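Engineer: Below you will find the structure I want to go over with you.
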Amino acid sequence: MVNETNQVLTKDELVKEAYPLFINGEYIESANGAYFDVHNPATGEVLAKVAKGTKEDVDKAVEAARTAFESGKWPRMTAAKRARLLIKIAEIMRSRFNDLVRVEVLNTGKTVAAAQGQITQAIEDFEFYAGTIQTAGGQTNPMPNGFFNYTVKEPVGVCGQIIPWNYPLMMAAWKVAPALAAGCTIVLKPASYTPLTAYMLADICHEAGVPEGVVNVITGSGSEIGPYITEHPGVDKVAFTGETETGKDIMARASQTLKRVTLELGGKSPNIVFDDCDIDGAVDGSLFGIFYNTGQSCEARSRLFVHENIYDEFMEKFIEKASRLKLGDPFNKEVHVGAVISDSHEKVIDGYVKLAVEEGGEVLYGGKRPEGPEFEKGHWYMPTIIGNVTNDMRIAQEEVFGPVVVVMKFNDEKDVIRQANDTIFGLGSAVWTKDYGRAHRIASAIRAGIVMINSPISAFPGAPFGGYKQSGFGRELSVETLDLYSETKSVVSYVGSRPLNIFGL
Ligand code: NAD
């Protein structure tokens, strides 16, 4: 591993022994001085200890963010200057790219290729919003004679940003970059499994010149400080990514203070393969669509619908290629599938596979922890393919959030659309066909925020990302995200030549 000074950094140089909280531009101990351990999921070893923040610490972080906001320095900074700071953040991230990748791999067990892709995108998010804010603004509106109206976009205020463990730095960037661009201040709470790169991002923001108190990072028990952030009267907006059940809790709690809320939640995304597709392309794309990031992906295409005319050929190739996916040391560039995040999550995944079998499903590949000396430590699960499934089974309806795909045969376009939509979720979806009329008919009929046509990937800065139904609401990664961090102020002025005397007195 090489950093900007071309030195090879060891794990001990990269990862600090202890991470206090980052509040008001400095590292401080939590109110009770407590820490918790953070692990490497691929080996199970302890990587570092991280401060266990309390409600008192949330108060401090919110106060710092509120003071930074009220001082006006950040929200009123010119767009050009704020854009330069966002670019500076991106430049520092780029110069520390290898360090960020390495820490992300150590803390998540994901493959180095996955971390490289995600951190590249995290950097591009800052660049994207640096460009976007230069043209963002209000508008003038047609008014009756004598009246003039313009709107201005103003930052919504202090934002609580609560993120999951599956894409730690990328999720942080999806939230921090647009919030900073809009002029908001931030209390960021990373997931307890994966807080390290959030602290690195806070350092980078500080180094780039973001004023004190604008970005604060607090770690600690999600079930204790998460609700406290959500209910806090000093927080104007909560932006959350995580499980649908947690999202419901957040929405209910946020209602008490009528906070602005955006929710990026779970999914059970359909992947529809028609008989006129490029079969090899669809096989490769479908493999990536589910097994990328060890299936721990909100938009994982975990329900695979294959047309009956090509079912046998497709499945033979799909299973054969799945059997060639290499698991193991995430730093080995030949490895395709990394570790799962924790022991308890490994058990959840295995529990779902057992449930599928109880429901009548058949394990066509995988269905267990991989064997071999490399897998004696850490948390692992084989890419798993389950056939003989119907869409009403729990395995087809509930989010596993692991490397598990269920396969269903279909023969009718209308019926596959019905089944694809027969879910509480509506995040991602994919269709594989050479018939562009059909592709766009499906794109129109699917009730999901994202449709991929002959593509296994969809998340690019500029392309809105978010869900329909119980996959949440609000969009990230796009120009419209800035609106979700802004209030619209309408300024109406009377410009007529005679004073208005509406009462006629
Ligand atoms: P989670 O809901 O358990 O936790 C997410 C975050 O919320 C963590 O920081 C956690 O500490 C915190 N938290 C926990 N309880 C809370 C509460 N009551 N109030 C406030 N905060 C609380 O989710 P997870 O297991 O970390 O992440 C996996 C989930 O995230 C999956 O469902 C996945 O689909 C979803 N996800 C969605 C997207 C998207 O863009 N839609 C992206 C990535 C992940």
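The values are calculated or read from the model by the stated rules, or taken from the named source; none is laboratory data. For clarity, every value in this text was computed on a predicted model and none was experimentally measured. Glycine gets a Cβ as well: all are built from the backbone with ideal geometry, and neighbour counts include every protein chain shown.
Per-residue answers, yes or no, for (1) touching a strand residue (DSSP E or B) at 6+ places or on another chain (Cβ under 9 Å); (2) within 16 Å of the ligand (Cβ to nearest atom); (3) at pLDDT 95 or above:
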position	(1), (2), (3)
Cys298	yes, yes, yes
Phe305	yes, no, yes
Glu308	yes, no, yes
Glu316	no, no, yes
Ile319	yes, no, yes
Leu327	yes, no, yes
Ser342	yes, yes, yes
Val353	yes, no, yes
Tyr365	yes, no, yes
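Engineer: Does Gly247 satisfy the criteria of being under 30 Å from Ser455 (Cβ atoms), within 10 Å of the ligand (Cβ to nearest atom) and not acidic (Asp, Glu)? Spell out the reasoning first.
Structural biologist: On the way: under 30 Å from Ser455 (Cβ atoms): yes; within 10 Å of the ligand (Cβ to nearest atom): yes; not acidic (Asp, Glu): yes.
So Gly247 fits the description; yes.
Engineer: Continuing with this model, one more query. Within the stretch 475-497, track down each residue that is surrounded by 13 or more Cβ atoms within 10 Å (Cβ to Cβ) and not aliphatic (A, V, I, L, M). Outline the logic, then answer.
Structural biologist: Initially, the stretch 475-497 is screened for residues surrounded by 13 or more Cβ atoms within 10 Å (Cβ to Cβ), giving 475-487.
If the condition is that a residue be surrounded by 13 or more Cβ atoms within 10 Å (Cβ to Cβ) and not aliphatic (A, V, I, L, M), then Arg475, Glu476, Ser478, Glu480, Thr481, Asp483, Tyr485, Ser486, Glu487 are the ones that fit.
Engineer: Also, I was wondering about something else. Given the condition among the β-branched types (Val, Ile, Thr) and touching a helix residue (DSSP H, G or I) at 6+ places or on another chain (Cβ under 8 Å), answer yes or no: does some residue in the stretch 294-303 qualify? Please lay out each step first, then the result.
Structural biologist: Initial filter on the stretch 294-303 (among the β-branched types (Val, Ile, Thr)): 294.
With touching a helix residue (DSSP H, G or I) at 6+ places or on another chain (Cβ under 8 Å) added as a condition, the list becomes none.
No; the residues of the stretch 294-303 include none that is among the β-branched types (Val, Ile, Thr) and touching a helix residue (DSSP H, G or I) at 6+ places or on another chain (Cβ under 8 Å).
Engineer: Pick from Ala113, Ala130, Ala179, Ala122: which is closer than 21 Å to Val58 by Cα and of a type in the set (Gly, Ala, Ser)? So that I can check it myself, show each step before the final result.
Structural biologist: Numbers: Ala113 fails: closer than 21 Å to Val58 by Cα; Ala130 fails: closer than 21 Å to Val58 by Cα; Ala122 fails: closer than 21 Å to Val58 by Cα.
Exactly one residue qualifies, and that residue is Ala179.
Engineer: For the stretch 166-225, give me each residue that is crowded, with 24+ Cβ neighbours inside 10 Å, assigned to a loop (DSSP other than H, G, I, E, B) and free of Cβ contacts under 8 Å to residues at least 60 places away in the same chain.
Structural biologist: Pro190
Engineer: Do we have any residue at all in the stretch 146-155 that's more than 16 Å from the ligand (Cβ to nearest atom), under 29 Å from Val340 (Cα atoms) and either more than 19 Å from the chain's Cα centre (by Cα) or not in a strand (DSSP E or B) (or both)? Spell out how you get there, then give the answer.
Structural biologist: Looking only at the stretch 146-155, we keep the residues that are more than 16 Å from the ligand (Cβ to nearest atom), and these are 146-155.
If we keep only those that are under 29 Å from Val340 (Cα atoms) as well, we get none.
Within the stretch 146-155, none of the residues are more than 16 Å from the ligand (Cβ to nearest atom), under 29 Å from Val340 (Cα atoms) and either more than 19 Å from the chain's Cα centre (by Cα) or not in a strand (DSSP E or B) (or both).
Engineer: Based on this model, can you work out whether Lys189 counts as more than 10 Å from the ligand (Cβ to nearest atom), of a type in the set (Lys, Arg) and under 18 Å from the mean Cα position of the chain (by Cα)? Talk me through it step by step, then tell me what you get.
Structural biologist: Numbers: more than 10 Å from the ligand (Cβ to nearest atom): no; of a type in the set (Lys, Arg): yes; under 18 Å from the mean Cα position of the chain (by Cα): yes.
No.
Engineer: Select from the stretch 270-290 the residues that are surrounded by 23 or more Cβ atoms within 10 Å (Cβ to Cβ) and in contact with a Pro (Cβ under 6 Å, 6 or more places away or on another chain) and list them in ascending order.
Structural biologist: Gly289, the sole residue that qualifies.
Engineer: On to the next question. Collect the residues in the stretch 250-274 that are over 30 Å from Thr433 (Cβ atoms) and either of a type in the set (Ser, Thr, Tyr) or away from the ligand (no atom under 11 Å from the Cβ) (or both), keeping them in residue-number order. Break it down into steps so the answer makes sense when it comes.
Structural biologist: In the first step, residues of the stretch 250-274 are kept if they are over 30 Å from Thr433 (Cβ atoms); the result is 250-263.
The answer is Ser255, Gln256, Thr257, Leu258, Lys259, Arg260, Val261, Thr262.
Engineer: What is the residue count in the stretch 456-491 for residues that are among the charged types (D, E, K, R), touching a Lys or Arg at 6+ places or on another chain (Cβ under 9 Å) and more than 10 Å from the ligand (Cβ to nearest atom)?
Structural biologist: Step one: filter the stretch 456-491 for residues among the charged types (D, E, K, R), giving 469, 475-476, 480, 483, 487, 489.
After this cut, where a residue has to be touching a Lys or Arg at 6+ places or on another chain (Cβ under 9 Å) as well, the list is 469, 476, 483, 487, 489.
Next cut, more than 10 Å from the ligand (Cβ to nearest atom) only: 469, 483, 487, 489.
Qualifying residue count for the region: 4.
Engineer: Okay, moving on. If I filter the stretch 227-238 for residues that are in a helix (DSSP H, G or I), among the small types (Gly, Ala, Ser) and at pLDDT 95 or above, do I get at least one hit? Talk me through it step by step, then tell me what you get.
Structural biologist: Just the residues of the stretch 227-238 that are in a helix (DSSP H, G or I), to begin with: 227-231.
Then drop every residue that is not among the small types (Gly, Ala, Ser), which leaves none.
Within the stretch 227-238, none of the residues are in a helix (DSSP H, G or I), among the small types (Gly, Ala, Ser) and at pLDDT 95 or above.
Engineer: Look at Ala439 and say whether it is more than 27 Å from Val337 (Cα to Cα) and among the small types (Gly, Ala, Ser). Lay out the reasoning, then the answer.
Structural biologist: Numbers: more than 27 Å from Val337 (Cα to Cα): yes; among the small types (Gly, Ala, Ser): yes.
Criteria met by Ala439.
Engineer: Which condition from (1) within 30 Å of Gly437 (Cα to Cα); (2) within 16 Å of the ligand (Cβ to nearest atom); (3) not basic (Lys, Arg) is the one that Thr294 breaks?
Structural biologist: (1)
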